[in-house]
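Student: Before anything else, here's the structure in question.
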Amino acid sequence: MAWLRIRLTEEQQRVVNEERSVYPNPRIREKMLALWLLHNGLTRENVAKIVGISRATIQRYVAAFREGGLEGLGQWNPNRPVSEMVGYRELIRESLEKQPVRTVAEACERIFQLTGLQRGPTQVRKFLRDMRLKFLRVRAIPVPPKKTWPSTSKPKRLFMTPS
């Protein structure tokens, strides 16, 4: 099978050139960089070495571009499991904002009471971080030392007299 060269229009060149450096998702930036290098005439093997991915991945990027254009290449659908707690997100948020917890263990217990889902501290910590909730450190407020009063302290001599 002959390799077909990637040719971008002026508008596509502008979009790819911009998104390869400023797009928020690093995978999409990687795809745009690979597409830009292919457009500039590099081989797929060289592009794979430069970008740091396999040649087969470059082939998938090219196939996605040929099928869906830049929109097809710009899709990022990671195949990750979705937590069961997502359905209770607002309920958990309202409860924790109304009555904050002090520890992750308390958060685990509160989530169990609200939803019936038993989760470990690591999962709860990650879930709360994804919701942009964070624990505020509770520390003692420093208090200045008590001042000594002249009536309670022994008077100090400034000079010693020889005896």
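The values are calculated or read from the model by the stated rules, or taken from the named source; none is laboratory data. Here the structure is a predicted model, which means the values were calculated and not measured. Cβ sites come from the backbone with ideal geometry, for glycine too, and all protein chains shown count toward neighbours. Heavy atoms of the whole protein, side chains included, go into the accessibility calculation; ligands, DNA and RNA do not. Shrake-Rupley method; radii C 1.70, N 1.55, O 1.52, S 1.80 Å.
Student: Output the residues belonging to region 92-134 that are under 18 Å from Val82 (Cβ atoms), in contact with a helix residue (DSSP H, G or I) (Cβ under 9 Å, 6 or more places away or on another chain) and not in a helix (DSSP H, G or I).
Tutor: Within region 92-134, Leu117, Gln118, Arg119, Gly120, Met131 qualify.
Student: While we're here: Starting from region 71-87, keep only residues that are within 19 Å of Ile58 (Cβ to Cβ), then list their pairs with residues that are modelled with pLDDT of 75 or more whose Cβ atoms are within a distance under 6 Å, requiring at least 6 positions of separation or different chains.
Tutor: Correct list of pairs: Gly72/Ala64; Leu73/Lys31; Leu73/Ala64; Leu73/Phe65; Gly74/Ile28; Trp76/Asn25; Trp76/Arg27; Trp76/Ile28.
Student: Let me ask something additional. How many residues are open to solvent by 50 Å² or more (accessible area, probe 1.4 Å), not aliphatic (A, V, I, L, M) and not in a helix (DSSP H, G or I) when one looks only at region 36-60?
Tutor: Counting residues in region 36-60 that are open to solvent by 50 Å² or more (accessible area, probe 1.4 Å), not aliphatic (A, V, I, L, M) and not in a helix (DSSP H, G or I) gives 4.
Student: Name the residues in region 112-131 that are of a type in the set (A, V, I, L, M, F, W, C) and open to solvent by less than 50 Å² (accessible area, probe 1.4 Å), would you?
Tutor: Within region 112-131, the first condition is being of a type in the set (A, V, I, L, M, F, W, C), and the residues that meet it are 112, 114, 117, 124, 127-128, 131.
Leu117, Val124, Phe127, Leu128, Met131 - these are the residues of region 112-131 that are of a type in the set (A, V, I, L, M, F, W, C) and open to solvent by less than 50 Å² (accessible area, probe 1.4 Å).
Student: When the residues of region 61-91 are filtered to those that are under 18 Å from Arg132 (Cα atoms) and touching a helix residue (DSSP H, G or I) at 6+ places or on another chain (Cβ under 7 Å), which remaining residue is surrounded by the most Cβ atoms within 10 Å (Cβ to Cβ)?
Tutor: It comes out as Met85.
Student: I'm told Ala64 meets every condition in (1) part of a helix (DSSP H, G or I); (2) out of contact with any Gly (no Cβ under 7 Å at 6 or more places or on another chain) except one. Can you identify the failing condition by its number?
Tutor: (2)
Student: So which of Glu90, Glu30, Glu10 is closer than 30 Å to Gln118 by Cα and charged (D, E, K, R)?
Tutor: Numbers: Glu30 fails: closer than 30 Å to Gln118 by Cα; Glu10 fails: closer than 30 Å to Gln118 by Cα.
So the residue among Glu90, Glu30, Glu10 that is closer than 30 Å to Gln118 by Cα and charged (D, E, K, R) is Glu90.
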